[in-house]
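Asks: The structure is given below, and queries will be raised subsequently.
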Amino acid sequence: MARPKIALIGAGQIGGTLAHLAALKELGDVVLFDIAQGTPEGKALDIAESGPSEGFDAALSGTQSYEDIAGADVCIVTAGVPRKPGMSRDDLLGINLKVMKSVGEGIGKHAPNAFVICITNPLDAMVWALQKFSGLPANKVCGMAGVLDSARFRHFLSVEFGVSMKDVTAFVLGGHGDTMVPSVRYSTVGGIPLPDLIEMGWTTQDKLDSILQRTRDGGAEIVGLLKTGSAFYAPATAAIEMAEAYLKDQKRVLPCAAYCDGELGVKDMYVGVPTVIGAGGIEKVIDIKLNKEEQVMFDSSVKAVKGLVEACKGIDGSLA
Ligand code: APR
């Protein structure tokens, strides 16, 4: 059987890391697409030349032509611009919306059966626009944010508790922005919910509050340190986790920006929710019950995403 085909639209910092990880994990053959001449070809060749040492079997190529993504099983989209210090993800909307139009049309024409994972920011609005521009079914188009935000939350918790990251589970819901909602009740260490761990004296509410804020500011913290771009190792790793769940029909329960049709009270919008990812794409949006306080935070996050979607409609009339 032929190896799966993975198309990476955008061969920048995240795109290159995605290609490297996909090859190392032998998820399939990789095509890097970018408008920049030489960048995708150079990264593909460089990674291919690491194959003999690492011992992976995967073909890598770079291109400026959408025809070369034909028949892709998975497309991961990072095309666009990242933020610089002082910018919010929302500041990228105007530029990246135009990019989503050309990418969506390219995928719609050449890879209509792919499972599409968008990473470009502002994430929730961009994935919504990408689905519209591509015309692919909503369950086959999703955005990577929740896995990354949850990974940041899990990392900070594991350091706080001095336990393995493997034993920390956490969910971050809502939009991928300042209003994201790290869920305390549904986050656990070895199955013990965080509120119980406070009662047990493992941590304090104050410490947990500062971890929650650090999680919300996780992307900005990296931008502030790097100064020339935004995070790429953890975002790429998170998207690869989602791609692998699809390609191997793992039925993973992962939070991601998925199309909601009434789940969690959200209608006709993309926002971060718990999902099941398997061979059918987003096979299910898990309609969890939020308590009053969580619902207030989630609603305000949804409202922020709605504002960005309206801004997209204002910029591009074909989306209205
Ligand atoms: N089509 C294809 N590629 C494009 C297009 C386009 N229309 N416009 C820009 N690109 C390419 C750039 O040439 C660049 O190589 O997208 C790539 C983006 O790479 P980086 O600038 O390194 O950005 P990266 O850190 O990978 O982040 C990409 O993901 O997390 C988000 O906010 C981040 O929106 C940003 C995206």
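Asks: Can you tell me which of GLY224, GLY201 is over 16 Å from the mean Cα position of the chain (by Cα), small (Gly, Ala, Ser) and farther than 30 Å from ILE14 by Cβ?
Replies: Step by step, each of GLY224, GLY201 is checked, and only GLY201 is over 16 Å from the mean Cα position of the chain (by Cα), small (Gly, Ala, Ser) and farther than 30 Å from ILE14 by Cβ.
Asks: Right, next: For region 24-38, which residues satisfy the criterion of being crowded, with 18+ Cβ neighbours inside 10 Å and more than 14 Å from GLY62 (Cα to Cα)?
Replies: Within region 24-38, LEU27, GLY28 qualify.
Asks: Step by step: first the residues of region 43-53, then only those that are more than 11 Å from the ligand (Cβ to nearest atom) and not hydroxyl-bearing (Ser, Thr, Tyr), then the one that is surrounded by the fewest Cβ atoms within 10 Å (Cβ to Cβ). Which residue is that?
Replies: PRO52
Asks: So, GLY80, is that one small (Gly, Ala, Ser), modelled with pLDDT of 95 or more, within 10 Å of the ligand (Cβ to nearest atom) and surrounded by 17 or more Cβ atoms within 10 Å (Cβ to Cβ) or not?
Replies: yes
Asks: Could you figure out which of (1) under 21 Å from GLY175 (Cα atoms); (2) modelled with pLDDT under 95 isn't true of THR215?
Replies: (2)
Asks: Go through (1) in contact (Cβ under 8 Å) with a residue 12 or more places away in the chain; (2) surrounded by fewer than 17 Cβ atoms within 10 Å (Cβ to Cβ); (3) out of contact with any Lys or Arg (no Cβ under 8 Å at 6 or more places or on another chain) one by one and return the number of the condition GLN213 breaks.
Replies: GLN213 satisfies all of (1) in contact (Cβ under 8 Å) with a residue 12 or more places away in the chain; (2) surrounded by fewer than 17 Cβ atoms within 10 Å (Cβ to Cβ); (3) out of contact with any Lys or Arg (no Cβ under 8 Å at 6 or more places or on another chain) except (1).
Asks: Quick check on my filter: what residues within region 22-40 are in contact with a strand residue (DSSP E or B) (Cβ under 7 Å, 6 or more places away or on another chain) and more than 12 Å from the ligand (Cβ to nearest atom)?
Replies: ALA22, ALA23, LEU27, GLY28, ASP29, VAL30, VAL31
Asks: Turning to a different aspect of this structure: If you take the residues of region 2-21 that are more than 15 Å from the ligand (Cβ to nearest atom) and at pLDDT 95 or above, which of them is surrounded by the most Cβ atoms within 10 Å (Cβ to Cβ)?
Replies: So the residue we want is ILE6.
Asks: Still on this model: From ALA234, ALA238, ALA257, ALA243, grab the single residue that is in contact with a helix residue (DSSP H, G or I) (Cβ under 9 Å, 6 or more places away or on another chain), more than 13 Å from ALA145 (Cβ to Cβ), of a type in the set (Gly, Ala, Ser) and crowded, with 18+ Cβ neighbours inside 10 Å.
Replies: Criteria check complete, one pass: ALA243.
Asks: Same structure again: If you scan region 83-97, which residues turn out to be outside any loop (DSSP other than H, G, I, E, B), free of Cβ contacts under 8 Å to residues at least 40 places away in the same chain and more than 8 Å from the ligand (Cβ to nearest atom)?
Replies: ASP91, ILE95 - these are the residues of region 83-97 that are outside any loop (DSSP other than H, G, I, E, B), free of Cβ contacts under 8 Å to residues at least 40 places away in the same chain and more than 8 Å from the ligand (Cβ to nearest atom).
Residues are listed down the side, and each one gets a yes or a no for (1) touching a residue at least 60 places away in the same chain (Cβ under 8 Å); (2) more than 14 Å from the ligand (Cβ to nearest atom); (3) touching a His at 6+ places or on another chain (Cβ under 9 Å):
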| position | (1), (2), (3) |
| --- | --- |
| ILE222 | no, no, no |
| PHE232 | yes, no, no |
| ALA236 | yes, no, yes |
| ALA245 | no, yes, no |
| LYS251 | no, yes, no |
| MET269 | yes, yes, no |
| VAL285 | no, yes, no |
| LYS289 | no, yes, no |
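For (1) surrounded by 18 or more Cβ atoms within 10 Å (Cβ to Cβ); (2) assigned by the TED database to the domain that holds TYR246; (3) without any contact (Cβ under 8 Å) to a residue 40 or more places away in the chain, each residue gets a yes or a no:
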residue	(1), (2), (3)
PRO40	yes, no, yes
GLY55	no, no, yes
ALA72	yes, no, no
GLU105	no, no, yes
HIS110	yes, no, no
VAL116	yes, no, no
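Asks: Here is a further query. Out of curiosity, is SER61 within 16 Å of the ligand (Cβ to nearest atom), in contact (Cβ under 8 Å) with a residue 60 or more places away in the chain and either surrounded by fewer than 24 Cβ atoms within 10 Å (Cβ to Cβ) or in the same structural domain as LEU264 (by the TED database) (or both)?
Replies: No.
Asks: So, ALA129, is that one closer than 17 Å to GLY80 by Cα, assigned to a helix (DSSP H, G or I) and of a type in the set (Gly, Ala, Ser) or not?
Replies: yes
Results for (1) at pLDDT 95 or above; (2) at positive phi; (3) part of a helix (DSSP H, G or I); (4) surrounded by fewer than 24 Cβ atoms within 10 Å (Cβ to Cβ), shown as yes or no for each residue.
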| site | (1), (2), (3), (4) |
| --- | --- |
| SER150 | yes, no, yes, no |
| LEU157 | yes, no, yes, no |
| THR169 | yes, no, no, yes |
| VAL172 | no, no, no, no |
| HIS176 | no, no, no, no |
| THR179 | no, no, no, yes |
| PRO182 | no, no, no, no |
| ARG185 | no, no, no, yes |
| ASP196 | yes, no, yes, yes |
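Asks: Of the conditions (1) closer than 18 Å to ILE6 by Cα; (2) part of a loop (DSSP other than H, G, I, E, B), VAL116 satisfies every one except a single condition; which number is it?
Replies: Going through (1) closer than 18 Å to ILE6 by Cα; (2) part of a loop (DSSP other than H, G, I, E, B) one by one, VAL116 breaks only (2).
The values are calculated or read from the model by the stated rules, or taken from the named source; none is laboratory data. From a predicted model like this one, the values you see are computed outputs, not experimental measurements. No Cβ is skipped: glycine too gets one built from the backbone with ideal geometry, and neighbour counts run over all protein chains shown.
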